[in-house]
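Derivation of every value follows stated rules applied to the coordinates shown; laboratory data play no part. Because the structure is predicted, anything quoted here is derived from the model rather than measured. Here the Cβ positions follow ideal geometry from the backbone for every residue, glycine too, while neighbour counts run over all protein chains shown.
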Amino acid sequence: MYEKLLSPLDLGFTTLKNRVLMGSMHTNLEEIPGGLERAAVFYAERARGQVGLIVTGGIAPNLAGCVGPHAAMLTTEEEALKHRVITEAVHKEGGKICLQILHSGRYGYHKNLVGPSPLRAPINRFVPKELSSEEVWQTIEDYANCAALAQKAAYDGIEIMGSEGYLINQFIVTRTNQRTDEWGGEYENRIKFPLEIVKKTREKVGDDFIIIFRLSMLDLVEGGSTWEEVVYLAKALEKVGVTIINTGIGWHEARVPTIGTVVPKAGFAWVTKRIMGEVNIPLITTNRINMPDVAEQVLQEGCADMVSMARPFLADPELVLKAIENRAEEINTCIACNQACLDHTFEMKLCSCLVNARACHETELNFHPTNAKKKIAVVGAGPAGLACATLCAERGHEVHLFEAEKEIGGQFNMAKVIPGKEEYAHTIRYYSTMIKKHGVQLSLNHRVSAEELKAGNFDEIVLATGVTPRKVAFEGSDHAKVIDYADVLYRNKEVGQKVAIVGSGGIGFDMAEYLAHDNEHESPSMSVSAYMKEWGVDMTYGQGGATTMPKPMPSPREIYLLKRSGGKHGAGLGKTTGWIHRASLKMKQVHHVSNVTYQKVDDEGFHILVNGEPQVLHVDHVVICAGQEPLRELQAALETAGQNVHLIGGAESADKLDAKRAIYQASHLAAKL
């Protein structure tokens, strides 16, 4: 079924079993006590899942290259021997694994950072020290030594991180390289650094060792590489001994989203396709390839020789195995939300996954078959209830799942209609499959009562009843103009041309995005060309970095996003995605209004005070996105009757709609019951 994807790739001295690379991710496993042992279990599980080749998270070749204090390095034989726990575990499962060597350069979040020139990155407060020519040569030696140590640790190869705006990328482009010595100026001088790294590394490790080079094929910043320069460097890298070229897309400081859920699936495969045929070594394409059918299409269309998927292996370690066994409907699909992976990484927390709470916790969260079968009731088929019900059933319990609505999914049924969040439908599909596979007894359109639950002789009752939109207290809140977010997103209520949104948290931003989209046109997240146009990516690659002026589709409505407090809107949004939402609404010319006091709604409009000054917004509708309340009406009666009751998800806490917390709670509860 996935003929190209599952075909082997001959590298000459070794063969990869298929065309799937598990791309590098910063999980922070390598940095915690006992982390290498935990990483061994993490990677081994993916190797057992039949991925063709694994690349570790970035490991620094020296102290200056660390991404932050206490970040992982590989500089001594003692450290190399400790890594053998990882390589032995992967090889035992029949897998292959490469160590990524990453020098952060000016992106390092510490005081010892260095760069080709002393230019501070816009996403960092530290200014790098300019490397002397002697220090550049020493850094090259450090890369090669790191590679030799990786070989001693029994890795099958290394990946040299030359993209995403890290040190090597900083040497390559004039944006960050303003040197006038042998390492700066003309392009041939600026690429001397990566070429010397590869040459010195190949000398150290010999011929039968994989060297992947992660080449920035699309910088997405002004002063980035031209297409001609990218091709030139690719050919030069092949000549000096690179085995495979991987694609890097965008710098961390770029203002174009490259991996968020707003990005179309395989949205940047066209970049790699441009270089196919220019070199004779395999090319890997990457970014937002999250399912086997997407990967197969990319390969069939000649975009690359291999595909890289990173976060999809957090969501489901058996992704490739399920493809091999034609069980794609059972894949727990990455929805590119970033909430438990990248957001955690940039907050220096252990990485995980919203849809798979086991990710990076394989040594402590497992769902073993039960020795004592229980009869369990789960009330509510939102993310929390679905996770708990299916995992309990997988363990061997008899599970009855009650849902008052006509379909499963809960809040995800609203999320999936937001432009850029269409992927959330995959999670509903996954749980629908798991319900059938594990024999969960599902009752839809069934608002179960406490009496029914008490009469059901359940050993455990899990209340995953979710939330209801919070009511507001101002005059006219019952006016026909006033509706809540569920009216719009779930009940499909028509909304007028002028709209005020009360609340600027995650729900408010989603509502603004939904209302700012023209339903007559396809969402940019579903169309590569529309997406590149909206965010300002020049697909003709007419200039370095391939950036151009964004040309978003205009909003069909005039929208006011209101908040009571001061400060920027969406301050509580995800660390790695909040900027995307704010930028999108800015392009759609949504009005952001702070320090608002809500007075009343009448036929004239919405009467408010802004910084104490009265205003009337002549709007057709006021959409309330001011939080939610937990639904717990069953709890008291059940506990009074002596039932074993557990609250998870929104029913437990309605501070915000938090699917990550909901699925985490559900998973841990299911492991214990």
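Structural remarks
- Here segment 254-326 and segment 377-452 have alpha carbon centers that stand 30 Å from each other.
- FRET E, pair residue 539, residue 618, Förster distance 25 Å, beta-carbon r, rounded to 0.05: 0.05
- Close Lys pairs in segment 109-205, defined as Cα atoms under 29 Å apart and 8 or more places apart or on different chains, number 13.
- Using R0 = 56 Å, the C-beta based FRET efficiency linking residue 37 and residue 611 works out to 0.50.
- Size estimate for segment 9-335 follows the Kirkwood approach: the inverse of mean 1/r over distinct Cα pairs works out to 19.7 Å.
- Sum of side-chain charges, residue 200 neighbourhood, beta-carbon under 13 Å (Lys, Arg +1; Asp, Glu -1): 0
- In percent, rounded to a whole number, the relative contact order of segment 361-416 is 39, using alpha-carbon pairs under 8 Å and six or more apart.
- Of the GluC sites (Glu not before Pro) in segment 246-344, the ones in a loop by DSSP (not H, G, I, E or B) with at most 14 other beta carbons within 10 Å are 278, 301, 325.
- Counted by neighbouring Cβ atoms within 10 Å, the residues 535, 227, 579 run from fewest to most as 579, 227, 535.
- In range of the label at residue 526: residues from segment 409-431 whose backbone nitrogen is under 12 Å from the point 7 Å along Cα→Cβ: 417-423
- Counting only Cβ charges, +1 for Lys and Arg and -1 for Asp and Glu, the dipole size of the chain around its Cα centre is about 420 debye.
- Cross-link pairs beyond the 31 Å C-alpha cut-off, checked among 235/551; 437/575; 493/588; 349/373: 235/551; 437/575; 349/373
- Between residue 126 and residue 363, the simple label model (points 7 Å from Cα in the Cβ direction) yields a spacing of 2.8 nm.
- Fewest-first ordering of 351, 341 by other beta carbons within 10 Å of each residue's beta carbon gives 351, 341.
- Of the cross-linked pairs 406/660; 375/416; 563/660, those separated by over 30 Å at the C-alpha level are 375/416.
- DSSP-defined antiparallel bridges as percent of all bridges, the chain, nearest 5: 20 percent
- Over the chain: helical MRE at 222 nm, DSSP H runs n ≥ 4 each giving -39500 (n - 2.57), nearest 500: -8500 deg cm²/dmol
- Normalised contact order of the chain, rounded percent, pairs of Cα under 8 Å and 6 or more residues apart: 12 percent
- Label-to-label distance, nm, for residues given as residue 180 and residue 497 (7 Å Cα→Cβ offset): 6.1 nm
- With contacts taken as Cα pairs under 8 Å and at least 6 residues apart, segment 522-673 reaches a relative contact order of 11 percent.
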